[in-house]
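One structure is given below, encoded as C-alpha cells.
Nothing in this text is a laboratory measurement; each read-out follows from the coordinates by a stated rule. None of the values given here were measured: they were computed from a predicted structure. Ideal geometry is used to build each Cβ from the backbone, glycine not excepted, and the neighbour counts take in all protein chains shown.
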Amino acid sequence: MDPIRVVITGAAGQIAYSLLHSVAKGDVFGKDQPVELMLLDIEPMMTVLGGVVMEVMDCSLPLVRNVVPTADPMVAFKDADVAMLVGAMPRREGMERKDLLKANVKIFKAQGQAMDDVAKKTIKVVVVGNPANTNAFICAKYAPSIPKENFSALTRLDQNRAQAQVANKLGIPCNDVNNCIIWGNHSSTQFPDVSYATVKVAGKELEANSAIKDDHWVRNDFISTVQKRGACVIAARKLSSAMSAANAIVDHVRDWWQGSGDRMVSMAVWSNDNKYGIASELMYSFPVKTAAKGKIEIVNGLKIEEWQRERMDLTCKELVEERDAALAECEE
Ligand code: NAD
Ligand code: LMR
C-alpha cells in the first residue's frame, strides 16, 4: 500500500509527544497503512524537534516510511492527505480558551493559505489548537479551494470526558456507554448531552437517562464537570491536558478515516442548511456518523426539548461572537 502523508503541527509540544507513537504504529490509519510523517513546528523548536524525530526512528516501526521535521508550512503541507493542527499556545490557569484567539488565530490563517496552495484537495484536517472551533473556521475560510467538509475541530475529548462521567456514575466500563453528544463550542459553554445515550448495565441495553435516574445530575453537575474539566486539569497539572487530548485525536481521526459504524460521535464541523436551528458558517460540534474514507454525516432528526434548545443556542451565540472577532483579527 502507498504511504499517506500525515502532517502534525506543534510537533515538538506536549500533545504531539503523546500522539506520535499511536499514529506511527497504526492506531489511526490501520495496521497496514504506511505513513510519511511531516512534523511542523517553529524555527526555535527545531533542535527539540530533532530529538523527537530521533525517538520516532528509534521506535523502529515498520509503518513509518519517512519523517520530515520542518519549520516551513509549504514543505509540511505539500501533497498532504491528513493534517492534525495541534501547534498553538495553550491557556494557563484563569484563562478561557477564547482568550487565546489573538495569539493563535493567525497561525490557522497562514496554515489554511499554505494548504490551499500545496495540499491535496482531499486533505482531512482536524484543528486542536485553541480556540479550536474558531481556528478551524478560519483555517477553512483561508483555504477556499478545499471543501469545507474536509475541516473539523476536536470535541472528542469532551465526548470522552462525558462518557467517563456516565460510566463512573453507573459503575460500568466506559465502552458500555454510547452516543453521548457534545453540542457547540469546545469551551465552557459546550453542551454535553446524554439524552440519546445508551448504556449496558448487567448485560441489558438501557437509555442512559433511565439507568442514571437523576435528572438533576444530568442537567447540572454532569454538564458543568465536563465543561470545566480542561480548566481542572490545568489547575492540577499546571499544564493543559496532553495524554487525553492525544487519545481523543486518535479517536477522532480513526473514526473519520475508518468509519464510526453505527455509533454517533461528536465532531465540530461546518454548519450549513440551518441544521438543528444552528447558524450557518460556524464550526459547531454535532452528533455525526462517518463512513470509511471520510464522509461525515450530521445525524438528523433527534428530538430537541426546550431546555436543550437554550443550551444549544447559548454555545452557538458564543461561536458567532468568536467567529466575528477572529475575522476582524485576520483582516487587520
Ligand atoms: P505546547 O505548548 O506543549 O506545544 C505547542 C507547540 O506548538 C510548541 O512546540 C510550539 O512551538 C508549537 N507552535 C507554536 N506556533 C506554531 C506554528 N505557527 N506552527 C507550528 N507549531 C507551532 O502545547 P500543547 O499542550 O501541545 O497544546 C497545543 C494546543 O492544543 C493548545 O492551544 C491547547 O490549548 C490545545 N488543546 C486543545 C484540546 C482540544 O480538545 N481541542 C485539548 C488539549 C489542548
Ligand atoms: C482541554 O479541554 O483540556 C484543552 O482544551 C485545554 C484547555 O485549555 O482546557
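The table that follows gives values for the structure above.
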quantity: Tensor-based shape of the range 157-302 (alpha-carbon gyration tensor, a/c under 1.5 rounded, otherwise prolate or oblate); calculated: rounded
quantity: Cα-based reach from residue 204 at 30 Å (exclusive), listing lysines while leaving out same-chain residues under 8 positions away; calculated: 169, 213, 289, 303
quantity: Residue exposure sequence - 85, 100 - by fewest surrounding Cβ within 10 Å; calculated: 100, 85
quantity: Dipole of the range 32-149, positive end: most advanced residue of 33, 118, 108 [Cβ charges, Cα centre]; calculated: 108
quantity: Sequence-distant lysines (8 or more away, or on other chains) whose Cα lies within less than 27 Å of residue 293; calculated: 25, 31, 78, 109, 120, 121, 124, 141, 148, 275
quantity: Distance between the range 105-131 and the range 269-284 - C-alpha centres, whole angstrom; calculated: 20
quantity: Beta bridges per DSSP with both ends in the chain, % antiparallel, nearest 5; calculated: 45
quantity: Candidates 232, 180, 59: whichever shows maximal mean-square fluctuation once the chain is modelled as a Gaussian network with Cα springs under 10 Å; calculated: 59
quantity: Farthest toward positive dipole pole in the chain [+1 Lys/Arg, -1 Asp/Glu at C-beta], among 283, 137, 225; calculated: 225
quantity: Relative packing of peptides 309-321, 242-254 - highest average C-beta neighbours within 10 Å first; calculated: 242-254, 309-321
quantity: The chain, dipole about Cα centre (Lys/Arg Cβ +1, Asp/Glu Cβ -1), debye to the nearest 20; calculated: 460
quantity: Ranked by how many other beta carbons lie within 10 Å on average, peptides 260-269, 68-77 from highest; calculated: 260-269, 68-77
quantity: Shape of the chain, Cα gyration tensor, a/c cut at 1.5; calculated: prolate
quantity: Size of electric dipole in the range 192-332: Cβ of Lys, Arg +1 and of Asp, Glu -1, about Cα centre, debye, nearest 20; calculated: 780
quantity: Two-site label geometry, residue 328 and residue 2: point separation in nm, points 7 Å out along Cα→Cβ; calculated: 4.6
quantity: Cα gyration tensor, the range 218-268 - rounded (a/c under 1.5), prolate or oblate; calculated: oblate
quantity: Cβ charges +1 (Lys, Arg) and -1 (Asp, Glu), total dipole of the range 190-251, debye; calculated: 320
quantity: Most to least packed among 45-54, 191-200, 139-148 [average Cβ atoms within 10 Å]; calculated: 191-200, 139-148, 45-54
